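Enquirer: One structure, pasted below without further comment.
The values are calculated or read from the model by the stated rules, or taken from the named source; none is laboratory data. Nothing here was measured: the structure is a model prediction, and the numbers come from that model. Here the Cβ positions follow ideal geometry from the backbone for every residue, glycine too, while neighbour counts run over all protein chains shown. What goes into the accessible areas is simple: the full protein's heavy atoms, side chains included, and nothing from ligands, DNA or RNA. Shrake-Rupley method; radii C 1.70, N 1.55, O 1.52, S 1.80 Å.
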Amino acid sequence: MAKVINSSEFQKDVLNSNETILVDFFAEWCGPCKMVAPVLEELSTEMEGKAKIFKVDVDKSGDLAEKYGITGVPTLMIFKDGKAVDKIVGFQPKEILKSRLQQYSN
């Protein structure tokens with residue numbers, strides 16, 4: 001299951017990591033966010049050992065949403081070696097997300 005992280009964990013789990021990480025910026029009240037959640041759970045299993053998936057609640061971590069220019073949810077960002085390398089806004093099918101993630105995974 002994708003772990004929900006806060007601002008302090010973001011530094012350790014995402015920015016200080018040398019892995020490929022997909023971060024789902026979401027909100028509890030967001031319908032499309034609820035649609036993408038099971039897709040991300042499947043991806044986290046399929047990409048185990050290649051990429052990690054974390055979730056950030058924009059209502060609880062507004063500083064991160066502001067820092068990364070999150071204006072709509074869901075917004076998915078891919079980080080590689082602690083740097084943002086890709087951004088996907090809105091719901092996307094699993095195949096597209098997996099393909100984008102594989103571009104950056106080892």
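Enquirer: Placing +1 at every Lys and Arg Cβ and -1 at every Asp and Glu Cβ, with all other atoms neutral, what dipole size does region 34-106 have around its Cα centre, in debye to the nearest 20?
Expert: Once rounded to the nearest 20, the dipole reads 160 debye.
Enquirer: In whole percent, and with a 1.4 Å probe on the protein chains, what portion of the accessible area of the chain is carbon and sulfur?
Expert: 52 percent
Enquirer: Separate question: Determine the per residue accessible area of the chain with all protein chains present and a 1.4 angstrom probe, expressed in square angstrom. Please list the in-between numbers first.
Expert: Numbers: 5540 Å² over 106 residues.
I get 52 Å² per residue for this part.
Enquirer: Also, quick follow-up: For the chain, report the translational diffusion coefficient in µm²/s to the nearest whole number, using Stokes-Einstein at 4 °C, 1.567 mPa s, and a Kirkwood Rh over Cα pairs.
Expert: Taking Rh from Cα pairs, D becomes 97 µm²/s.
Enquirer: What spacing in nm lies between the two simple spin-label points modelled at Glu66 and Val4, each 7 Å away from Cα in the Cβ direction?
Expert: 2.1 nm
Enquirer: Continuing with this model, one more query. Treat each spin label as a single point 7 Å out from the Cα along the C-beta direction, and report the Ala37 to Gln102 distance in nm.
Expert: 2.8 nm
Enquirer: Taking a threshold of 19 Å on the Cα-Cα distance, which of the pairs Lys34/Lys83; Lys34/Lys94; Lys67/Lys94; Lys50/Lys94; Lys52/Lys98; Lys3/Lys60 fall above it?
Expert: Violating the 19 Å Cα-Cα cut-off are Lys34/Lys83; Lys67/Lys94.
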